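*Asks:* This is the structure I want to talk about, given as structure tokens.
The values are calculated or read from the model by the stated rules, or taken from the named source; none is laboratory data. Remember, predicted model here, so these are calculated numbers, not experimental data. Note that we place each Cβ from the backbone using ideal geometry, even for glycine, and neighbour counts take in every protein chain shown. Only protein heavy atoms, including side chains, enter the accessible area calculation; ligands, DNA and RNA are left aside. Shrake-Rupley method; radii C 1.70, N 1.55, O 1.52, S 1.80 Å.
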Amino acid sequence: MAPLSQKIILALDVETLKEAEHFVKKLSGSIGIFKVGKQLFTHCGPTIIEMIHRHRGKVFLDLKFHDIPNTVARAVEEACKLNVFMLTIHALGGKKMMQEAVAASSTFARNSSLPSPLMLAVTILTSLKPDDLKDIGINTSVEEAVSRLAILARQAGVNGVVASAQEAHIIRAACGNDLIIVTPGIRPQGTSRDDQKRAVTPHEALLAGSDYMVIGRPILEAHDPLKVVQEIAEELREGNN
Ligand code: C5P
């Protein structure tokens with residue numbers, strides 16, 4: 001099993017390549033995976049991924065693809081060429097879109113020397129509340145929608161889902177241990193919650209069944225980011241004993 005610190009994914013929620021490189025350089029000895037989202041990728045393009053690879057980090061490309069199946073499949077192929085470790089698509093794009101995304105990734109891996117990235121589905125964005133779901137015609141509870149979409153993602157061959165720690169048990173109940181669960185909304189004890197209303201500690205996330213934890217501001221805004229990472233890894237080790 002990967003060391004517990006390898007469960008930590010740093011959300012590189014910064015604006016520029018220079019800022020991102022500052023954190024990757026400092027932390028790549030302790031953190032294995034760096035998440036690149038829409039802002040940083042739109043600003044830097046593939047150079048951001050090359051930079052992370054240069055420092056021996058793995059890339060979680062969090063662009064949440066959602067489009068017609070063919071368009072998503074072609075975008076996934078491009079992400080595969082960039083040798084990313086994980087990437088996200090929206091389960092709300094439907095089963096066929098997810099199946100074609102998975103197929104594009106498998107075909108690419110078969111025809112190249114690079115492995116298939118882990119394909120993660122986003123179910124219901126945690127920013128959406130029950131009324132927002134109603135507005136878009138989803139008349140079930142958030143929990144039911146999350147569960148239904150996680151089952152659909154699994155049927156489509158997706159490797160995992162992005163979900164809050166509160167949703168992890170719903171997903172485990174619906175899909176068993178097959179799916180990897182990646183959880184944001186993590187706050188080490190004693191740090192600010194920022195805008196994460198239902199944040200959990202790294203230990204609680206581990207107990208909830210999280211396989212990987214996405215953490216941004218508690219590390220990025222720390223006076224000593226490396227120390228925070230070491231403390232989180234220690235908390236995970238203690239929780240695992
Ligand atoms: O700074 P913080 O630790 O809150 O960053 C969490 C990261 O996880 C951000 O990149 C954010 O976009 C992402 N995320 C989240 N909540 C979700 C899905 C993704 O905070 N439900």
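*Asks:* Could you derive backbone 3J(HN,Hα) for segment 79-89 from the dihedral phi with the Karplus parameters 6.51, -1.76 and 1.60 (θ = phi - 60°), listing whole Hz in sequence and x where the residue is Gly or Pro?
*Replies:* 5, 4, 4, 7, 6, 7, 8, 9, 8, 10, 10
*Asks:* Then there is this: Pull out a ≥ b ≥ c, the square roots of the eigenvalues of the alpha-carbon gyration tensor of segment 1-69, then state rounded if a/c is under 1.5, prolate if not and a/b is larger than b/c, and oblate in the remaining case. Could you put the intermediate results ahead of the total?
*Replies:* Details: a/c = 2.18, a/b = 1.29, b/c = 1.69.
Verdict is oblate for segment 1-69.
*Asks:* Okay, moving on. Given the C-alpha centroids of segment 202-237 and segment 13-61, what is the distance between them in whole angstrom?
*Replies:* Between the Cα centre of segment 202-237 and that of segment 13-61, the gap is 18 Å.
*Asks:* Got a sec to turn the phi values of segment 166-173 into Karplus ³J(HN,Hα) couplings, 6.51 cos²θ - 1.76 cosθ + 1.60 with θ = phi - 60°, whole Hz, x for Gly and Pro?
*Replies:* Once rounded to whole Hz, the list reads 5, 8, 4, 5, 4, 5, 4, 5.
*Asks:* So what is the relative contact order for the chain, in percent, with contacts set as C-alpha pairs under 8 Å and at least six apart?
*Replies:* Result for the chain is 18 percent.
*Asks:* Between segment 69-124 and segment 125-199, what's the alpha-carbon centroid distance in Å?
*Replies:* Distance between centres, Cα-based: 20 Å.
*Asks:* Under 5 Å between amide H atoms, partner at least 5 residues away or on a different chain: which partners does MET213 have, H built in plane at 1.01 Å?
*Replies:* Residues meeting the criterion, in which the H sits 1.01 Å from N, are ILE8, ILE9, THR183.
*Asks:* Sticking with this structure for a sec: What shape does segment 101-229 have by the C-alpha gyration tensor, where a ≥ b ≥ c are the square roots of the eigenvalues, rounded means a/c under 1.5, and otherwise prolate means a/b greater than b/c and oblate the rest? Show your work: numbers first, answer last.
*Replies:* Values: a/c = 2.01, a/b = 1.17, b/c = 1.71.
It is oblate, given that a/c is not under 1.5 and a/b is not larger than b/c.
*Asks:* Can you list the residues, at least 5 places off or on another chain, whose amide H is less than 5 Å from the amide H of ILE33, using H built in the peptide plane?
*Replies:* Those qualifying (amide H under 5 Å, at least 5 residues apart or on another chain) are LEU10, LYS58.
*Asks:* Continuing with this model, one more query. Under a 1.4 Å probe, what is the accessible area of the chain per residue, stated in Å²? Spell out each step's value before the answer.
*Replies:* Values: 11730 Å² over 241 residues.
Normalised by residue count, the accessible surface of the chain is 49 Å².
*Asks:* List the residues whose amide H sits under 5 Å from the amide H of LYS64, counting only those 5 or more places along or on another chain, with H placed 1.01 Å from N in the peptide plane.
*Replies:* Excluding prolines and chain starts, which carry no amide H, the hits are THR88.
*Asks:* Okay, next question. Sort the chain into rounded, prolate or oblate with this rule: let a ≥ b ≥ c be the square roots of the eigenvalues of the Cα gyration tensor; rounded if a/c is under 1.5, and if a/c is not under 1.5, prolate when a/b is larger than b/c, oblate otherwise.
*Replies:* Numbers: a/c = 1.58, a/b = 1.13, b/c = 1.40.
Oblate, because a/c is 1.5 or more while a/b does not exceed b/c.
*Asks:* Could I ask something else about it? Can you run phi through the Karplus equation (6.51, -1.76, 1.60; θ = phi - 60°) for segment 149-157 and list ³J(HN,Hα) in whole Hz, with x for Gly and Pro?
*Replies:* Karplus values, whole Hz, x for Gly and Pro: 6, 5, 4, 4, 4, 5, 4, 7, x.
*Asks:* Roll a 1.4 angstrom probe over the protein heavy atoms and tell me the percent of accessible area of segment 4-240 that is carbon or sulfur.
*Replies:* Of all accessible area on segment 4-240, carbon and sulfur atoms account for 50 percent.
*Asks:* Related question: Starting from the 7 Å offset along Cα-to-Cβ, what nm value, one decimal, do you get for the label separation of LEU207 and GLU221?
*Replies:* Each label point is offset 7 Å from its Cα along the Cβ direction, giving 2.6 nm.
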